[in-house]
Amino acid sequence: MKRATWKSSLKDAGRRQQAEAGSEVTSGERSATRRRRERMVELLGAGDISVHDLAAEFDVSLSTVRRDLATLAALGRITRTYGGAVDHRAAERSWHDKEHEQRGEKDAIARTAAALVRSGDVVLLDAGTTVARLAHELRDRADLTVVTNGLSTLVELADAEVEVVVLGGRLRRPNESLLGTRTEQALRRLTPDIAFLGVDGLDPRRGINCPDPEQAALKETMAECARTSWVLADHSKLGGGGGFPYWAAMPAGTGLISGGEGRELAAFTDAGWSVHSAAEGPEDVVEGAPLHTS
(Lines give C-alpha, C1' and ligand atoms only; values in the text may rest on other atoms or scores of the structure.)
Protein backbone atom coordinates (compact mmCIF):
# COMPACT_ATOMS: atom_id res chain seq x y z
CA MET A 1 0.00 0.00 0.00
CA LYS A 2 1.31 3.44 -0.87
CA ARG A 3 2.20 5.69 2.01
CA ALA A 4 0.36 8.98 2.48
CA THR A 5 2.65 11.98 2.59
CA TRP A 6 2.15 15.71 2.94
CA LYS A 7 3.60 18.55 0.92
CA SER A 8 3.44 22.34 1.06
CA SER A 9 1.01 23.83 -1.43
CA LEU A 10 -0.73 27.10 -2.24
CA LYS A 11 -3.51 25.71 -4.41
CA ASP A 12 -6.33 28.12 -5.16
CA ALA A 13 -8.94 25.52 -4.28
CA GLY A 14 -7.63 25.41 -0.74
CA ARG A 15 -7.67 29.18 -0.55
CA ARG A 16 -11.37 29.18 -1.39
CA GLN A 17 -11.98 26.94 1.59
CA GLN A 18 -10.43 29.44 3.97
CA ALA A 19 -13.79 31.06 4.73
CA GLU A 20 -15.05 27.78 6.16
CA ALA A 21 -11.87 26.57 7.86
CA GLY A 22 -10.14 29.82 8.72
CA SER A 23 -12.10 30.52 11.88
CA GLU A 24 -10.35 27.63 13.59
CA VAL A 25 -6.97 29.23 12.99
CA THR A 26 -7.83 32.90 13.35
CA SER A 27 -10.45 32.95 16.11
CA GLY A 28 -9.33 32.15 19.62
CA GLU A 29 -6.51 29.81 18.64
CA ARG A 30 -3.57 29.79 21.00
CA SER A 31 -0.44 31.39 19.62
CA ALA A 32 1.59 28.24 20.34
CA THR A 33 -0.69 26.23 18.08
CA ARG A 34 -0.44 28.84 15.34
CA ARG A 35 3.37 28.85 15.54
CA ARG A 36 3.47 25.05 15.47
CA ARG A 37 1.35 24.93 12.32
CA GLU A 38 3.45 27.55 10.58
CA ARG A 39 6.56 25.56 11.40
CA MET A 40 4.86 22.41 10.04
CA VAL A 41 4.35 24.14 6.69
CA GLU A 42 8.05 24.99 6.58
CA LEU A 43 9.13 21.43 7.41
CA LEU A 44 6.77 19.94 4.84
CA GLY A 45 8.01 22.40 2.24
CA ALA A 46 11.54 21.08 2.73
CA GLY A 47 10.53 17.48 1.86
CA ASP A 48 8.63 14.41 3.00
CA ILE A 49 8.21 14.04 6.74
CA SER A 50 6.04 11.51 8.56
CA VAL A 51 3.29 12.15 11.08
CA HIS A 52 5.41 10.37 13.69
CA ASP A 53 8.37 12.66 12.92
CA LEU A 54 6.18 15.73 13.34
CA ALA A 55 4.81 14.45 16.63
CA ALA A 56 8.37 13.93 17.90
CA GLU A 57 9.49 17.33 16.58
CA PHE A 58 6.78 19.22 18.48
CA ASP A 59 6.35 16.80 21.41
CA VAL A 60 2.62 16.42 20.77
CA SER A 61 0.32 13.47 20.17
CA LEU A 62 -0.33 11.90 16.78
CA SER A 63 -3.95 13.03 16.95
CA THR A 64 -2.81 16.65 17.46
CA VAL A 65 -0.54 16.42 14.42
CA ARG A 66 -3.32 14.90 12.29
CA ARG A 67 -5.71 17.64 13.41
CA ASP A 68 -3.14 20.32 12.53
CA LEU A 69 -2.53 18.74 9.12
CA ALA A 70 -6.24 18.53 8.39
CA THR A 71 -6.68 22.22 9.25
CA LEU A 72 -3.70 23.25 7.11
CA ALA A 73 -5.02 21.17 4.21
CA ALA A 74 -8.45 22.81 4.47
CA LEU A 75 -6.73 26.19 4.33
CA GLY A 76 -4.81 25.20 1.21
CA ARG A 77 -1.45 25.44 2.99
CA ILE A 78 -0.55 21.79 2.33
CA THR A 79 -1.68 18.97 0.02
CA ARG A 80 -1.93 15.29 0.84
CA THR A 81 -0.45 12.95 -1.77
CA TYR A 82 -0.18 9.18 -2.14
CA GLY A 83 3.00 7.57 -3.44
CA GLY A 84 5.30 9.83 -5.44
CA ALA A 85 6.25 13.41 -4.90
CA VAL A 86 4.23 16.40 -6.06
CA ASP A 87 5.42 19.70 -7.45
CA HIS A 88 4.89 22.18 -4.62
CA ARG A 89 5.44 25.89 -4.31
CA ALA A 90 7.72 27.63 -1.87
CA ALA A 91 6.61 27.74 1.75
CA GLU A 92 5.84 31.24 2.96
CA ARG A 93 7.73 32.16 6.12
CA SER A 94 6.68 34.46 8.91
CA TRP A 95 7.98 37.94 9.66
CA HIS A 96 9.67 36.62 12.83
CA ASP A 97 11.52 33.94 10.87
CA LYS A 98 12.93 36.49 8.42
CA GLU A 99 13.63 39.55 10.56
CA HIS A 100 17.22 38.58 11.49
CA GLU A 101 18.28 37.49 8.00
CA GLN A 102 20.55 39.87 6.01
CA ARG A 103 20.22 42.28 8.95
CA GLY A 104 23.24 44.44 8.06
CA GLU A 105 22.17 44.78 4.44
CA LYS A 106 18.58 45.59 5.44
CA ASP A 107 19.83 48.32 7.77
CA ALA A 108 21.92 49.82 4.94
CA ILE A 109 18.89 49.71 2.62
CA ALA A 110 16.77 51.38 5.29
CA ARG A 111 19.27 54.22 5.78
CA THR A 112 19.47 54.77 2.03
CA ALA A 113 15.68 54.84 1.76
CA ALA A 114 15.28 57.19 4.73
CA ALA A 115 17.50 59.74 2.96
CA LEU A 116 14.85 60.01 0.23
CA VAL A 117 12.11 61.11 2.64
CA ARG A 118 11.55 64.86 2.86
CA SER A 119 10.06 66.94 5.64
CA GLY A 120 6.26 67.00 5.44
CA ASP A 121 6.01 63.85 3.32
CA VAL A 122 3.15 61.37 3.56
CA VAL A 123 5.05 58.07 3.47
CA LEU A 124 3.40 54.77 2.54
CA LEU A 125 5.10 51.76 4.12
CA ASP A 126 4.25 48.23 3.03
CA ALA A 127 4.62 45.15 5.21
CA GLY A 128 7.96 43.34 5.40
CA THR A 129 11.11 43.11 7.50
CA THR A 130 13.20 45.48 5.37
CA VAL A 131 10.42 48.07 5.35
CA ALA A 132 10.21 47.68 9.13
CA ARG A 133 13.89 48.62 9.33
CA LEU A 134 13.05 51.78 7.38
CA ALA A 135 10.27 52.50 9.88
CA HIS A 136 12.89 52.28 12.61
CA GLU A 137 14.99 54.89 10.79
CA LEU A 138 11.97 57.22 10.56
CA ARG A 139 10.68 56.85 14.11
CA ASP A 140 12.05 60.20 15.34
CA ARG A 141 10.80 62.19 12.33
CA ALA A 142 7.93 64.20 13.82
CA ASP A 143 7.63 66.05 10.50
CA LEU A 144 6.17 63.01 8.70
CA THR A 145 2.94 61.06 8.36
CA VAL A 146 3.37 57.32 7.85
CA VAL A 147 0.56 55.29 6.32
CA THR A 148 0.98 51.53 6.64
CA ASN A 149 -0.64 48.11 6.37
CA GLY A 150 2.27 46.30 8.05
CA LEU A 151 2.16 44.96 11.59
CA SER A 152 5.97 44.99 11.82
CA THR A 153 5.97 48.70 10.92
CA LEU A 154 3.33 49.40 13.56
CA VAL A 155 5.46 47.67 16.18
CA GLU A 156 8.41 49.89 15.24
CA LEU A 157 6.33 53.09 15.35
CA ALA A 158 4.07 52.32 18.31
CA ASP A 159 5.91 54.71 20.65
CA ALA A 160 7.60 56.90 18.02
CA GLU A 161 7.32 60.61 17.26
CA VAL A 162 6.03 60.14 13.72
CA GLU A 163 2.29 60.37 13.04
CA VAL A 164 0.86 57.00 11.98
CA VAL A 165 -2.23 56.17 9.90
CA VAL A 166 -3.24 52.49 9.79
CA LEU A 167 -4.91 51.08 6.69
CA GLY A 168 -7.84 48.91 7.71
CA GLY A 169 -8.42 45.40 6.45
CA ARG A 170 -8.01 41.72 7.23
CA LEU A 171 -4.85 40.56 8.98
CA ARG A 172 -3.03 38.14 6.71
CA ARG A 173 -0.67 35.63 8.22
CA PRO A 174 2.16 34.72 8.18
CA ASN A 175 3.51 37.99 6.74
CA GLU A 176 1.41 40.06 9.19
CA SER A 177 -0.07 42.53 6.70
CA LEU A 178 -3.50 44.09 6.39
CA LEU A 179 -5.18 43.61 3.03
CA GLY A 180 -8.54 43.19 1.34
CA THR A 181 -11.26 45.40 -0.07
CA ARG A 182 -11.17 47.92 2.77
CA THR A 183 -7.41 48.32 2.43
CA GLU A 184 -7.71 48.92 -1.32
CA GLN A 185 -10.50 51.45 -0.81
CA ALA A 186 -8.53 53.39 1.78
CA LEU A 187 -5.46 53.44 -0.46
CA ARG A 188 -7.37 54.80 -3.45
CA ARG A 189 -8.32 57.86 -1.40
CA LEU A 190 -4.64 58.71 -0.85
CA THR A 191 -1.78 60.13 -2.87
CA PRO A 192 1.31 59.42 -0.75
CA ASP A 193 4.40 61.43 -1.60
CA ILE A 194 6.56 58.32 -1.52
CA ALA A 195 5.94 54.59 -1.09
CA PHE A 196 8.29 51.81 -0.02
CA LEU A 197 7.36 48.22 -0.84
CA GLY A 198 8.67 44.96 0.57
CA VAL A 199 9.16 41.77 -1.46
CA ASP A 200 9.55 38.00 -1.20
CA GLY A 201 11.14 37.93 -4.64
CA LEU A 202 11.73 40.37 -7.48
CA ASP A 203 12.11 40.07 -11.25
CA PRO A 204 13.18 43.07 -13.36
CA ARG A 205 10.40 42.52 -15.92
CA ARG A 206 7.61 40.70 -14.09
CA GLY A 207 7.78 42.72 -10.88
CA ILE A 208 7.17 41.56 -7.30
CA ASN A 209 6.58 37.86 -6.66
CA CYS A 210 3.71 37.24 -4.22
CA PRO A 211 2.18 34.20 -2.48
CA ASP A 212 -1.34 35.62 -2.63
CA PRO A 213 -3.36 37.34 -5.42
CA GLU A 214 -4.80 39.94 -3.03
CA GLN A 215 -1.30 40.81 -1.90
CA ALA A 216 -0.17 41.23 -5.50
CA ALA A 217 -3.12 43.50 -6.27
CA LEU A 218 -2.46 45.62 -3.18
CA LYS A 219 1.20 46.14 -4.05
CA GLU A 220 0.20 47.28 -7.54
CA THR A 221 -2.24 49.76 -6.01
CA MET A 222 0.45 51.07 -3.66
CA ALA A 223 2.85 51.69 -6.54
CA GLU A 224 0.15 53.33 -8.65
CA CYS A 225 -1.24 55.70 -6.03
CA ALA A 226 2.09 57.13 -4.80
CA ARG A 227 3.95 59.95 -6.53
CA THR A 228 7.21 58.02 -6.19
CA SER A 229 7.60 54.29 -5.44
CA TRP A 230 10.61 52.32 -4.26
CA VAL A 231 11.05 48.60 -3.77
CA LEU A 232 13.36 47.55 -0.91
CA ALA A 233 15.04 44.20 -1.57
CA ASP A 234 18.15 42.60 -0.14
CA HIS A 235 20.32 40.66 -2.59
CA SER A 236 18.65 37.31 -1.80
CA LYS A 237 15.39 38.61 -3.33
CA LEU A 238 16.89 39.36 -6.76
CA GLY A 239 17.07 35.83 -8.10
CA GLY A 240 14.03 36.11 -10.35
CA GLY A 241 11.26 35.41 -7.85
CA GLY A 242 10.39 33.77 -4.56
CA GLY A 243 8.77 30.66 -6.02
CA PHE A 244 5.20 31.93 -5.61
CA PRO A 245 2.50 31.94 -8.31
CA TYR A 246 1.42 35.60 -8.38
CA TRP A 247 3.06 38.79 -9.64
CA ALA A 248 2.60 42.51 -8.97
CA ALA A 249 3.62 44.53 -12.02
CA MET A 250 5.45 47.76 -11.21
CA PRO A 251 5.02 51.03 -13.16
CA ALA A 252 7.85 52.21 -15.39
CA GLY A 253 10.48 54.11 -13.45
CA THR A 254 9.82 52.38 -10.12
CA GLY A 255 12.86 52.61 -7.87
CA LEU A 256 14.88 49.77 -6.39
CA ILE A 257 17.16 50.04 -3.37
CA SER A 258 19.24 46.92 -2.79
CA GLY A 259 22.59 45.64 -1.64
CA GLY A 260 22.84 43.39 -4.69
CA GLU A 261 25.92 43.20 -6.86
CA GLY A 262 26.50 45.16 -10.05
CA ARG A 263 25.39 42.44 -12.45
CA GLU A 264 22.17 41.80 -10.53
CA LEU A 265 21.32 45.50 -10.36
CA ALA A 266 22.23 46.08 -14.01
CA ALA A 267 19.39 43.79 -15.08
CA PHE A 268 16.94 46.12 -13.34
CA THR A 269 18.53 49.25 -14.79
CA ASP A 270 18.24 47.70 -18.26
CA ALA A 271 14.55 47.02 -17.61
CA GLY A 272 13.87 50.69 -16.78
CA TRP A 273 14.08 50.66 -12.99
CA SER A 274 15.69 53.56 -11.10
CA VAL A 275 18.33 51.67 -9.12
CA HIS A 276 20.35 52.70 -6.07
CA SER A 277 22.84 50.51 -4.27
CA ALA A 278 22.56 50.50 -0.49
CA ALA A 279 26.33 50.95 -0.45
CA GLU A 280 26.01 54.52 -1.75
CA GLY A 281 26.27 57.43 0.65
CA PRO A 282 23.06 59.31 1.53
CA GLU A 283 24.20 62.45 -0.28
CA ASP A 284 24.83 60.55 -3.50
CA VAL A 285 21.48 58.79 -3.24
CA VAL A 286 19.49 61.98 -2.74
CA GLU A 287 21.30 63.79 -5.52
CA GLY A 288 20.65 61.01 -8.05
CA ALA A 289 17.13 60.15 -6.99
CA PRO A 290 14.07 61.34 -8.89
CA LEU A 291 12.32 64.17 -7.07
CA HIS A 292 8.66 64.08 -6.13
CA THR A 293 6.21 65.60 -8.57
CA SER A 294 3.26 67.67 -7.52
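Amide H contacts of GLY201: ASN209, GLY242, each under 5 Å away and 5 or more positions distant or on a separate chain (H built 1.01 Å from N in the peptide plane; Pro and chain starts excluded).
Work out how much length VAL155 to ALA252 would gain on full extension: take 0.36 nm times their residue separation and subtract the Cα-Cα distance, in nm to one decimal.
Numbers: separation 97, 0.36 × 97 = 34.92 nm, distance 3.20 nm.
Computed gain between VAL155 and ALA252 is 31.7 nm.
Of all DSSP beta bridges confined to segment 94-243, the antiparallel ones make up roughly 35%. Full extension of the chain between HIS235 and ALA70 yields a length gain of 55.8 nm, computed as 0.36 nm times the residue separation minus the alpha carbon distance.
Counting each pair of different Cα atoms once, what's the Kirkwood radius of segment 164-246 in Å, rounded to one decimal? Result for segment 164-246 stands at 13.3 Å. In the assembled protein chains, HIS52 presents an accessible area of approximately 120 Å² (probe radius 1.4 Å).
The values are calculated or read from the model by the stated rules, or taken from the named source; none is laboratory data. In this text, all values refer to a predicted model and were calculated from it rather than measured experimentally. When the accessible area is computed, the model is the full protein with side chains, heavy atoms only, and any ligands, DNA or RNA have been set aside. Shrake-Rupley method; radii C 1.70, N 1.55, O 1.52, S 1.80 Å.
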